[in-house]
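Down below is the structure, laid out as structure tokens.
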Amino acid sequence: MQRRVLPGFGLTLGFALMYLGLIILLPLAATFVKTAGLSWEQFWSTVTSPRVVASYKLTFGTSFYAALFNVPMGVILAWVLVRYQFPGRRFMDALVDLPFALPTAVAGIALTSIYAKTGWFGQWLEPMGIKVAYTQVGVWVALTFIGLPFVVRTVQPILEELEPELEEAAATLGATRLQTIRRVVIPALLPAIITGFALAFARAVGEYGSVVFISGNMPMKTEITPLLIITKLEQYDYAGATALAVVMLLVSFALLLVIQLVQRYLFRSRA
Amino acid sequence: MISRTLPSAVRHFVSAAALAASVLTAPAGEVTLLNASYDVTREFYKDYNAAFATHWEQTTGDKVTINQSHGGSSKQVRAVIDGLEADVVTMNQALDVDQLVKPGLIPADWATRMPHNSAPYTSTILFVVRQGNPKKIKDWSDLVRADVKVVIPNPKTSGNGRYSYLAAWGYALRQPGGDATKAEAFVRQLFANVPVLDTGGRGATTTFAKNGIGDVLLTFENEVALTIREFASENLEAVVPTASITAENPVVWVDKVVSKKGSATVARAYLEYLYSPEAQELAARHYFRPRDPAVLARHANQFKSLQLFTVEDVAGSWAEAQKTHFADGGVFDRIYVK
């Protein structure tokens with residue numbers, strides 16, 4: 001075996017594996033063990049009951065659209081924060097992290113009171129026939145709120161590294177502004193954008209606190225899967241709860257893996 | 001769980017430290033109890049703990065410190081099962097306490113160890129309506145009208161919701177010619193009028209009072225006065241229906257914990273004192289219906305009389321109610337999923 005240039009490979013890999021094992025794999029393994037209390041038929045009927053299937057659609061669907069919406073919004077925000085100097089920029093920069101730090105229940109209650117028919121936005125939206133609180137739109141609003149920092153914070157450092165000289169060079173070579181963005185800026189940002197999207201999506205899929213207040217939790221309509229997990233726990237149905245958790249884990253893992261592969265493919269095709 | 005126990009542990013430490021600092025005498029016969037309770041008993045037990053500490057010191061000369069842990073009822077029970085060393089558990093439905101039997105924390109006949117099914121005080125489900133009761137809501141039959149929207153928390157996740165559901169079921173059952181089929185049709189109609197299913201009672205209160213959803217909120221009697229006071233600007237009003245359900249608030253000492261900690265005597269005394277006239281008076285002041293008829297009579301204008309039936313009357317037992325109505329695939333699920 002070839003000797004590595006950097007020393008300490010064995011030690012750090014060992015540490016990394018142990019840490020991942022203790023912090024991530026062990027609790028997840030416990031989930032699978034708890035599920036083993038169910039027979040295959042019980043497991044299958046639990047995870048495919050109509051109400052649960054409706055919740056998967058809502059959870060993964062709204063998470064996807066929320067993350068997707070955050071991509072252009074997050075990129076524009078990052079662009080503004082990196083490329084321009086203006087009063088209040090630092091304040092705006094700090095504001096981006098708020099959804100990270102805020103307890104999700106606080107976010108949920110705040111969003112609900114704003115979008116309910118008595119709230120600041122709701123009182124204007126509801127007469128126009130737009131209902132946000134207690135609908136699937138409300139779920140999407142909450143997930144968009146919590147996902148935004150992920151896109152901004154992954155795109156921002158890459159944008160900072162991206163020298164304006166590159167764009168100037170493109171301009172001197174005769175590229176229009178739009179061509180520069182399409183051919184120079186976007187390709188450089190794409191890996192970060194995809195990572196940001198994946199993080200926002202993963203975060204949204206697991207979100208509970210902010211959503212349950214604004215969704216109204218109506219079966220078949222606005223119930224997210226994490227709520228059904230909690231519902232089962234409230235009824236002391238541990239096996240059923242972990243069965244749903246296992247499905248969510250597997251689906252999330254599969255989706256994140258696909259996103260990784262797409263990213264790798266994009267990288268390679270450019271290299 | 002960590003996020004819940006950590007801050008409460010800190011709080012306990014702080015309150016314990018504050019108490020230790022205020023008590024200058026050396027704690028010779030000092031005992032500490034942990035009471036794991038649900039969310040809304042906070043204020044009541046704050047007063048009761050002080051009263052019991054005084055009583056205990058007067059009768060035995062020992063000091064007792066009672067720490068409180070509050071949270072969603074089933075979360076609290078899970079914490080106790082998972083090792084939270086609570087000497088006593090005080091809940092709002094027997095279903096939660098029953099969960100402690102299987103892991104061997106308490107005996108199966110726990111409810112018979114103290115009077116009144118080990119429930120020293122009770123509550124019931126009443127209605128809260130908007131100012132002037134614009135929809136003229138008087139009784140359960142009004143809740144199934146097509147023009148009425150009702151806010152009830154999810155029966156699958158809250159005791160409040162379960163009692164509301166069973167109260168509606170019991171009301172329908174007790175109408176002339178009432179049977180299970182008619183009762184099911186009644187609750188089906190009722191929940192068709194429910195626009196939002198919050199996970200807990202306080203969430204439902206916010207939805208109704210703050211976010212302006214629905215014409216009537218179903219909640220515990222002990223929450224009604226609090227809600228009206230809390231949202232004073234809304235001028236909400238209480239409505240007492242002709243009949244409702246008795247919500248027994250069971251209390252139990254946790255045998256496994258008290259024998260380990262050697263706190264059996266004081267834990268038991270702590271719960272038995274809940275039946276004393278002083279404690280019953282405190283319960284009444286916190287809008288829990290006292291068992292003591294004399295105390296109840298004294299607060300007659302606060303506790304309006306109505307026909308009360310129990311969970312056992314309408315569903316046999318909590319375990320059966322859970323199985324028939326609230327378990328996955330039960331009657332409640334069938335309302336939403338054909």
Query raised in the report: Which pairs have Cβ atoms under 8 Å, sit 6 or more apart or on different chains, and link a residue in region A:226-242 that is within 13 Å of B:Ser74 (Cβ to Cβ) and of a type in the set (Asp, Glu) to one that is open to solvent by less than 10 Å² (accessible area, probe 1.4 Å) and part of a helix (DSSP H, G or I)?
Result: A:Glu234/B:Ser74
Report summary line: Of B:Arg130, B:Arg113, the only residue that is basic (Lys, Arg), away from chain A (no Cβ under 14 Å) and either open to solvent by less than 10 Å² (accessible area, probe 1.4 Å) or touching a residue at least 40 places away in the same chain (Cβ under 8 Å) (or both) is B:Arg113
Report task. Could you list all residues from region A:203-221 that are within 14 Å of chain B (Cβ to nearest Cβ) and either open to solvent by 10 Å² or more (accessible area, probe 1.4 Å) or assigned to a helix (DSSP H, G or I) (or both)? Result -> A:Tyr208, A:Gly209, A:Ser210, A:Val211, A:Val212, A:Phe213, A:Ile214, A:Ser215, A:Met218, A:Met220, A:Lys221
Report summary line: Reported set for region B:200-229 where residues are open to solvent by 40 Å² or more (accessible area, probe 1.4 Å) and either within 24 Å of A:Lys131 (Cα to Cα) or without any contact (Cβ under 8 Å) to a residue 24 or more places away in the chain (or both) is B:Arg202, B:Thr206, B:Lys210, B:Arg229
Query raised in the report: Could you list, in sequence order, the residues of region A:90-115 that are open to solvent by 50 Å² or more (accessible area, probe 1.4 Å) and either of a type in the set (Phe, Trp, Tyr) or part of a helix (DSSP H, G or I) (or both)?
Result: A:Arg90, A:Phe91, A:Met92, A:Ala94, A:Leu95, A:Leu98, A:Phe100, A:Ala101, A:Val106, A:Ile109
Query raised in the report: Would you pick out the residues in region B:84-105 that are within 23 Å of B:Asn49 (Cα to Cα) and open to solvent by less than 50 Å² (accessible area, probe 1.4 Å)?
Result: B:Leu84, B:Ala86, B:Asp87, B:Val88, B:Val89, B:Thr90, B:Met91, B:Asn92, B:Gln93, B:Ala94, B:Asp96, B:Val97
Query raised in the report: Out of the residues in region A:229-258 that are facing chain B (nearest Cβ under 9 Å) and aliphatic (A, V, I, L, M), which is nearest to B:Gly214 (Cα to Cα)?
Result: A:Ile230
Query raised in the report: Quick one: which of B:Pro250, B:Pro241, B:Pro290 is within 18 Å of B:Thr219 (Cβ to Cβ) and not β-branched (Val, Ile, Thr)?
Result: B:Pro241
Requested in this report: Could you please find all residues in region A:17-43 being more than 27 Å from A:Ile259 (Cα to Cα) and assigned to a helix (DSSP H, G or I)?
Outcome: A:Val33, A:Lys34, A:Thr35, A:Trp40, A:Glu41, A:Gln42, A:Phe43
Requested in this report: Report the residue count in region A:16-52 for those that are surrounded by 13 or more Cβ atoms within 10 Å (Cβ to Cβ) and modelled with pLDDT of 90 or more.
Outcome: 9
Report task. Check A:Asn70 against each of (1) closer than 23 Å to A:Val246 by Cα; (2) in a helix (DSSP H, G or I); (3) of a type outside the set (Ser, Thr, Tyr) and name the one condition it does not meet. Result -> (1)
Query raised in the report: Checking A:Lys57 against (1) under 19 Å from A:Ala202 (Cα atoms); (2) open to solvent by less than 50 Å² (accessible area, probe 1.4 Å), which single condition isn't satisfied?
Result: (2)
**Report entry** Residue check for B:Pro195: open to solvent by 30 Å² or more (accessible area, probe 1.4 Å) and assigned by TED's automatic domain parsing to the domain that holds B:Tyr163
**Finding:** yes
Query - Condition met for B:Asn133 (of a type outside the set (Gly, Ala, Ser), at positive phi and not in a loop (DSSP other than H, G, I, E, B)) - result: no
Query - Yes/no for B:Thr181 being β-branched (Val, Ile, Thr), assigned by TED's automatic domain parsing to the domain that holds B:Lys149, without any contact (Cβ under 8 Å) to a residue 12 or more places away in the chain and surrounded by fewer than 24 Cβ atoms within 10 Å (Cβ to Cβ) - result: yes
Report task. Check whether at least one residue in region B:311-334 is touching a residue at least 12 places away in the same chain (Cβ under 8 Å), over 20 Å from the mean Cα position of the chain (by Cα) and either over 30 Å from A:Phe43 (Cα atoms) or open to solvent by less than 20 Å² (accessible area, probe 1.4 Å) (or both), and report yes or no. Result -> yes
Query raised in the report: Which of the residues spanning region B:139-181 are farther than 30 Å from B:Gly71 by Cβ, assigned to a helix (DSSP H, G or I) and either small (Gly, Ala, Ser) or touching a His at 6+ places or on another chain (Cβ under 9 Å) (or both)?
Result: B:Ser141, B:Ala172, B:Ala180
Query raised in the report: If we scan region B:138-153, do we find a residue that is under 19 Å from B:Asn92 (Cβ atoms) and free of Cβ contacts under 8 Å to residues at least 60 places away in the same chain?
Result: yes
Report task. Being touching a strand residue (DSSP E or B) at 6+ places or on another chain (Cβ under 9 Å) and among the polar types (S, T, N, Q) is the filter; apply it to region B:143-164 and report the residue that is farthest from the other protein chains (Cβ to nearest Cβ). Result -> B:Ser164
Report summary line: By residue number, the members of region A:231-240 that are over 14 Å from A:Arg51 (Cα atoms) and assigned to a helix (DSSP H, G or I) are A:Leu233, A:Glu234, A:Tyr238, A:Ala239
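The values are calculated or read from the model by the stated rules, or taken from the named source; none is laboratory data. Just so it is clear, the structure is predicted and the values come from calculations on it, not from any experiment. We place every Cβ from the backbone using ideal geometry, glycine too, and count neighbours over all the protein chains shown. In case anyone asks, the SASA skips ligands and DNA or RNA and just uses the protein heavy atoms, side chains included. Shrake-Rupley method; radii C 1.70, N 1.55, O 1.52, S 1.80 Å.
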